[in-house]
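This report concerns only the one structure given below.
The values are calculated or read from the model by the stated rules, or taken from the named source; none is laboratory data. Worth saying up front: this structure is predicted, and the values here are computed from it rather than measured. Counting neighbours? That spans all protein chains shown, and the Cβs are built from the backbone with ideal geometry, glycine included. These accessible areas exclude ligands, DNA and RNA; they are computed on the full protein's heavy atoms, side chains included. Shrake-Rupley method; radii C 1.70, N 1.55, O 1.52, S 1.80 Å.
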Amino acid sequence: MEVRSKRHGRVRVPFDCEKGMPHTEAIVKGIRVDMCGEDWPRPKDTGLKISGLLLHKLKLVRYTPWLLQEISTRLNIPSSYTAEDYTLDKMNVDTLIVGGGTSGIFALRRTKGLLIANDLETDVLLDPMTETSDLANTVKQTLKSESSRILKGDFLGKFSEGYLLRVERRLILVNPSKIIFATGGRYLPPIFEGNDLPHVISRRLYLRRRKRYNKVLVLGSSDDAVRTAIVAKGKVLTPEGVKLFSRRGLELIEEHGVEVEEVKWLRVKAKSESLEATWDKGQGKFDAIVFSPVKQPRVEPIANSGCAYKFYPNMGIYLPEHDMDGYMKECNHYVTGGGRGIWWEELSALSGTTPFDPEAVQQLKEGLKETTLRQYYTNDFITVKSPYLYGEGGYMCLCEDVTYEDIMEVVRKGYVDVEAIKRTTGLATGMCQGKACSYIAGSVTRSNSLITFRSPLLTM
Amino acid sequence: MRVVILGAGGHGLSLAYHLVKKGINDISMVEAKRINYGSSGRNAGRYRYHFYTKENVEFAKEGIPYLLKLCKDLPLNPLCMKTGYLWILDDEKSKDVISRAHSLWSSEGVGGKFLPCNDFDFLKIEEECYLAPQDGSFHHDYLSLGMYEAIKDHVKVIIGEAMRLKVSGGKIVGVEVNGSIIPADVVAVTLGAWTGHFMKRNGIEVPVEPEKKEIFVTEDLKFRVKPLTISKRIYFSHTLKGEIIGGVEDEVPRGFGELDISVERSLSFTRTLRSLVKGAEGIRILRGWSGYYEMTPDHSHIMGFSDSWPDGLYVDAGYSGHGMMFSPYSGKIMADLIADGVKNKFTKIFSPQRFEENKLIDERMVI
């Protein structure tokens, strides 16, 4: 199935199948269709890139207000939504774990609490390098043995009455005394011309769909880019001067002979049904371009719940403010695993136990020493170029079709933090509500803060 | 003249904008959070001529054309568009209020008309409606940031909370921010819902109180709800980017609190909207936020100064739920008053002294 983007009419498919990410849902004749269950078209370079900033620059628009309405009615958006409704009830929960990845599962083993997650297929079960490991087995066994304490559903955020969960058509209010945010992290599309083309996808999506792709180009500066390249037998392109590999990542590069090339710029075009990538030192045709620039924690449920976060310039990401055991003093909750930036699953599992086990804290501290997260705990901040920057083109915000150039134009005018960028360009106001774009924009502009992540965290 | 403006929302920015136009070059703005943080960045962006009192209708008859003029001049386009306001007369109270107001509006030359609601394709109900076609919409951020963009190189923005006014010999000489005194000949308080709080801290009674309100936006739906539509339960309208924006009409106790939203109102808004709008039967909300209406005892704003205050102290605040649309015009009136000593008739009508003199305005249409 083919969907067109809202303003520019570009052919798009999801870059990741996480619920709530851009283009994961299409509305067809009023019915919600999960795009991840559909076949996707080959890459096509279509549509019309008209900068939204023209609204301000073309004075004519101000004398022809009917034109605004005319433009509005031509936007590529749904005409109807089929009826649905919710029931609302309450539940007593003392400890709530949000997220069903490795660290969430390991935290669940230590509490009598409840776990809620809308996706229980964690990466460790999908990656051929880990799917048969002991750790993967423990995760699988726990999912089975503790199934009565696992809710498959959404965490919708904080409201005046409490925290809201959704399981199918049921809304459930809870008031837990402790929340463990095992919300994991995500890989977001880097900036380059052609970054919105179908089959430019995240590592997670690739792991789920890898049998469909033969020739793959990997983008990224993280250990997970290396792991992706090993699975995909492809090369890794990293922006010049941005290497965020840990010791283990470097060993893997050596061991598997992974080719890592630093690039100044990259451009991707749709050519005869495949993706043609050109960069300063090379080119090639690919079935998919798979990115894992850096693992960005899902900060939005954490910030929404009143916890603080900050920009970590050493990796160009946003991290919840937390201690080594995962405690977040601003809100009195905990964060584990990918939610605190961790990508190796052994460390992730360990971080799921640190809220309950002081001995694990020391072990985790040792483990993190070998990674680029270590300076977060020692406050040794150095600024690196954003791991998302592969060029000066493409889209920054897919839902509202805001381009990199539009963002740079308002940045040059002094609107540098993500909130100001949002309010001048419309970035982060679309379907994903900034779950993707706000982090990329912030990383590129080194903004100290993101936007206010408002409830509900998913459409409700 | 050294002018310090407290609060960088729509009204503060507009005052600065008009002072800069007059050539005043020593302007500082004190903002506790960020430009547009308060109600200026949280409202639904609508304008209207239709108020319950003659005073406010007449103010709108000057203020709204001024807003529309500014829409054409600013470096950002505030997307001003005539959309109308549409009242669904679904209970006796609204019928009564609108019928009374209709004669005032007609005599003021801004009359609307009664018509069946199903003249509007998007509505699913069989009631009587009232359309005020003169009203419309704008983009609140583009309006205030447009004013800011025009003057940002001519004003100093200080991030911090204004604490104490410094007065000497009955005159304002400065204001304390971040532990130090900013010298000033004029301090203009445009703190919106925080105005009463600030003034009280300085021993002056200005009756502006916050009232928390929630706003929701939905997923995209093809543009159809052109007028701002008001039922007894909710009000709502389409934005040009396809969302439906609106809120719940209910009484909320006044006071500062957590700026969150409630599950109850979120569901109430969604359910009512689904029952009213064709095609929106299963529409969901994307997000909600809350902010403050800035309430006065007569639901009308306060502008100017009181004879009992120190010289050089001015206030422009207390616009209930209709502050954004008036920010351009109010800033102009205030700038004329501060820079040139010109007293517009509205500075008398909406004077802070009216509460002592018991000349209340009795505005009842707060949306």
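For the reader, a short list of remarks on this structure follows.
- Backbone HN-Hα couplings from phi across the range B:354-365 [Karplus 6.51/-1.76/1.60, Hz, Gly and Pro as x]: 4, 6, 6, 7, 6, 10, 6, 9, 6, 7, 10, 9
- Counted over all Cα-Cα pairs of chain B, pairs farther apart than 34 Å make up 25 percent.
- Among residues other than residue A:381 with Cβ under 15 Å from its Cβ, the summed charge is +2 (Lys and Arg +1, Asp and Glu -1).
- With every protein chain in place, chain B: carbon and sulfur % of accessible area (1.4 Å): 48 percent
- The Cβ shell under 12 Å around residue B:10 holds other residues with a net charge of -2, Lys and Arg each +1, Asp and Glu each -1.
- Approximate spin-label separation residue A:87-residue A:46, in nm, with each point projected 7 Å along Cα-to-Cβ: 4.4 nm
- On Cα atoms only, tilt of B:323-340 relative to the major axis of chain B in degrees: 20 degrees
- Largest mean-square fluctuation among B:253, B:133, B:297, in a Gaussian network model of chain B whose springs join Cα atoms under 10 Å apart, belongs to B:253.
- Cut-off 12 Å between beta-carbons: net charge of the residues surrounding residue B:177, Lys and Arg +1, Asp and Glu -1: 0
- Chain A - convex hull of alpha carbons, volume per residue in Å³: 149 Å³
- Gain on full stretching of the segment that runs from residue B:161 to residue B:61 - 0.36 nm per residue minus C-alpha separation: 32.5 nm
- Taking θ as phi - 60° and the Karplus parameters 6.51, -1.76 and 1.60, the scalar couplings of the range A:199-212 work out to 6, 8, 10, 7, 4, 4, 5, 4, 4, 7, 10, 5, 5, 7 Hz in sequence order, x denoting glycine and proline.
- Heavy-atom accessible surface of the range B:42-189, averaged per residue, reaches 40 Å², computed with a 1.4 Å probe.
- Note: relative contact order over the range A:345-460, using C-alpha pairs below 8 Å and six or more positions apart, is 18 percent.
- Treating each Cα of the range B:238-359 as an identical point scatterer and summing with the Debye formula, the log10 of I(q)/I(0) at q = 0.12, 0.15, 0.19 Å⁻¹ comes to -0.64, -0.83, -1.05.
- The mean accessible area for residues of chain A, using a 1.4 Å probe and ignoring ligands and nucleic acids, is 39 Å² per residue.
- GNM flexibility winner over chain B from B:156, B:213, B:226 (Cα, springs under 10 Å): B:156
- In Hz, Karplus ³J(HN,Hα) per residue of the range A:296-312 (6.51, -1.76, 1.60; θ = phi - 60°; x = Gly, Pro): 9, x, 6, 7, 4, x, 6, 5, 4, 8, x, 8, 8, 9, 8, 6, 9
- Taking amide H as placed 1.01 Å from N in the peptide plane, the amide H of residue B:2 sits under 5 Å from that of B:185, B:186, each at least 5 places away or on another chain.
- Residue ranges B:78-89, A:165-176 sort as B:78-89, A:165-176 when ordered by packing (mean number of other C-beta atoms within 10 Å per residue, highest first).
- Computed accessible area, residue A:181, all protein chains, 1.4 angstrom probe, square angstrom: 0 Å²
- Cα gyration tensor category, rounded, prolate or oblate, for the range B:149-279 with a/c compared to 1.5: prolate
- Left without a cysteine partner by the 4.7 Å Cβ rule in chain A: A:399, A:432.
- Taking a ≥ b ≥ c as the square roots of the eigenvalues of the Cα gyration tensor, the range B:294-367 is classed as oblate, since a/c reaches at least 1.5 and a/b does not exceed b/c.
- Averaged over residues, the count of other Cβ atoms within 10 Å places the peptides A:73-80, B:332-339, B:202-209 in the sequence B:332-339, B:202-209, A:73-80, highest first.
- Computed E for residue B:82/residue B:362 - FRET, C-beta separation, R0 25 angstrom, nearest 0.05: 0.35
- Model label points for residue A:359 and residue A:412, set 7 angstrom from Cα along the Cα-to-Cβ axis, are 6.0 nm apart.
- Maximal additional length on extending the residue A:132-residue A:34 stretch stands at 32.4 nm, based on 0.36 nm per residue less the C-alpha distance.
- Amide H partners (placed H, <5 Å) of residue B:47, local residues excluded: B:136, B:137, B:138
- Residues with amide H under 5 Å from that of residue B:173, placed H, sequence gap 5 or more: B:166, B:167, B:168
- Computed [θ] at 222 nm, helices only, for the protein assembly as shown once each DSSP H run of length n ≥ 4 contributes -39500 (n - 2.57): -8000 deg cm²/dmol
- Cα shape, the protein assembly as shown, gyration tensor, a/c 1.5 rule: prolate
- Area hidden from solvent between A and B (accessible, protein heavy atoms only, 1.4 Å, total, Å²): 4800 Å²
- For the peptides A:134-141, B:301-308, the ranking by packing is B:301-308, A:134-141, with the highest mean count of neighbouring Cβ atoms within 10 Å listed first.
- Restricting the trypsin sites (Lys or Arg not before Pro) of the range A:255-355 to loop positions (DSSP other than H, G, I, E, B) with no more than 16 neighbouring Cβ atoms within 10 Å leaves A:264, A:281, A:329.
- Only Lys, Arg (+1) and Asp, Glu (-1) charged, at Cβ; the range A:324-460 dipole about Cα centre in debye: 360 debye
- Note on the range A:343-389: with charges restricted to the Cβ of Lys and Arg (+1) and Asp and Glu (-1), its dipole about the Cα centre is near 300 debye.
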